[in-house]
Amino acid sequence: MSAHLPSQTQGGRRATVAVVGLGYVGLPTALSLHAAGHTVVGVDTSELRLDAIRSGRADLLPSQHDRLASALHDTGFRLTADPAAVAAADAVIICVPTPVDARLTPDLRALTTACSSVVAHAVPGQLLVLTSTSYVGTTRDHLVEPLAARGLLPGTEVFVAFAPERIDPGNPAHSPERTPRVVGGVTPRSTELAASLLAGTASFVHRVDSPEAAEMSKLWENTFRAVNIALANELAENCLEFALDPRQVIEAAATKPYGFMPFRPGAGAGGHCIPCDPHYLLWQLRARKVASPLVDAAMAAIAERPARVAGKARDALAARGLGTTGSRVLVLGVAYKPGVSDLRESPALEIIDLLTAWGASVAYTDPLVPRLERRGTVLHSVEAPEAVEWDLVVVHTVHPGAALDWLERGPAVLDVTHRFPAAATGAAV
């Protein structure tokens, strides 16, 4: 092993890299590293996940599926459930989920387990890079200090950095290779080694002078998005008070070439980032007795948004002289964003639960989500929704290529995406 590992050529490949955690971040990261010429060992404790990857059933972009198919036939790409496999790697990248629990408190179990395992198997000369979004100080708490306790001095005997993931699932325009990476190491040498390793997987690498600066940059990115999503939802409702189409107003404002970034209103915020990451910052600030009222208000507004949409659906039914009980409601699209099958934190789930609790007969249609379970009941996607007479259709997620002209021919529509003019659908929120 050598501190010069990323620039060495070893048997036709530059280095051996272990990627710990092969979820929505880890698998694309592993494929990018493999495409950049590295030998990759993918480590995941879930045999079910490994089987899904080996069979090609992982949720990836079409181009990434091609990469996966190629990698699976290459001896330079190996999958294992054995955490000890990282000991043979020149570099280790940790990509595990960092969700929040029901009380919006950081759930660090996966991160703690992964870091503890990596530290236990670390060897002199290795580069360790954490990518999972977390609180400021995570890299020192979970890698630097435990390594030092083992007698491995970070920055001298092992090299440690934080490089936050920037994966945008379902968006080919933001593939890893087209997206910049931020890197902050515990020493300048750690920063340079991590930057060199990741350079072939990003459009460019931006260096900062510490892991903490890199950790805070990721929290800032997603807190910025959360605040603006909450603002977009609020301003959309303000537009409707004046009988204005929010979509038209946003498009007009977006013509300004400076000082404005368009955010689109919707049913809330789902996925792995926006509903979770700002709570890591708020949790840490509360422990220091520091208030962050704007972020607090934005996150509260995002959390309340699905219930508000469900209430608007009930109002839309009432406007037609219908009660919620017994009404046939279709939720169009249940994934948290277009182009993916991911249901994590999807506002659609809470909307379905609330309308069902109020007595509605709720179904859904989503070509990427064939089935889902809600409170012990299995629902299946309606394959021909245009053939059913719905009392209301709630437009939640519109996947690329979806044919939705049938919405303009009959059913009452509550369009939380503001994709359609209100005049064409008869309802909006």
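Just a few scattered comments:
- Within the stretch 32-50, the set of residues being of a type in the set (A, V, I, L, M, F, W, C) and either assigned to a strand (DSSP E or B) or surrounded by 22 or more Cβ atoms within 10 Å (Cβ to Cβ) (or both) comprises 33, 40, 41, 43.
- Qualifying residue in the stretch 234-248 (condition: in contact (Cβ under 8 Å) with a residue 24 or more places away in the chain and under 30 Å from residue 24 (Cα atoms)): no
- Which listed residue is within 25 Å of the chain's Cα centre (by Cα), surrounded by 12 or more Cβ atoms within 10 Å (Cβ to Cβ) and at positive phi, from 271, 200: 271
- Set 234, 221, 157: member being under 21 Å from the mean Cα position of the chain (by Cα) and not small (Gly, Ala, Ser): 221
- Number of positions in the stretch 283-301 that are touching a Ser or Thr at 6+ places or on another chain (Cβ under 7 Å) and touching a residue at least 40 places away in the same chain (Cβ under 8 Å): 2
- Residues being among the small types (Gly, Ala, Ser), in a helix (DSSP H, G or I) and surrounded by fewer than 18 Cβ atoms within 10 Å (Cβ to Cβ) - total across the stretch 100-116: 2
- All of (1) closer than 26 Å to residue 192 by Cα; (2) modelled with pLDDT of 95 or more; (3) surrounded by fewer than 24 Cβ atoms within 10 Å (Cβ to Cβ); (4) small (Gly, Ala, Ser) hold for residue 81 with one exception: (1).
- From 105, 112, residue being within 24 Å of the chain's Cα centre (by Cα), within 23 Å of residue 274 (Cβ to Cβ), assigned by TED's automatic domain parsing to the domain that holds residue 185 and polar (S, T, N, Q): 105
- Just one residue in the set 177, 145 is at pLDDT 95 or above and in a helix (DSSP H, G or I); that residue is 145.
- Members of the stretch 16-42 found to be farther than 17 Å from residue 75 by Cβ and of a type in the set (Val, Ile, Thr), listed by number: 20, 25, 29
- Only one of the numbered conditions (1) assigned to a helix (DSSP H, G or I); (2) modelled with pLDDT under 95 is violated by residue 294, and that is (2).
- Out of 153, 193, 130, sole residue that is in the same structural domain as residue 86 (by TED's automatic domain parsing) and surrounded by fewer than 24 Cβ atoms within 10 Å (Cβ to Cβ): 153
The values are calculated or read from the model by the stated rules, or taken from the named source; none is laboratory data. Please read all numbers here as calculations on a predicted model, not as lab measurements. Reconstructed Cβ throughout: ideal geometry from the backbone, glycine too, with neighbour counts over all protein chains shown.
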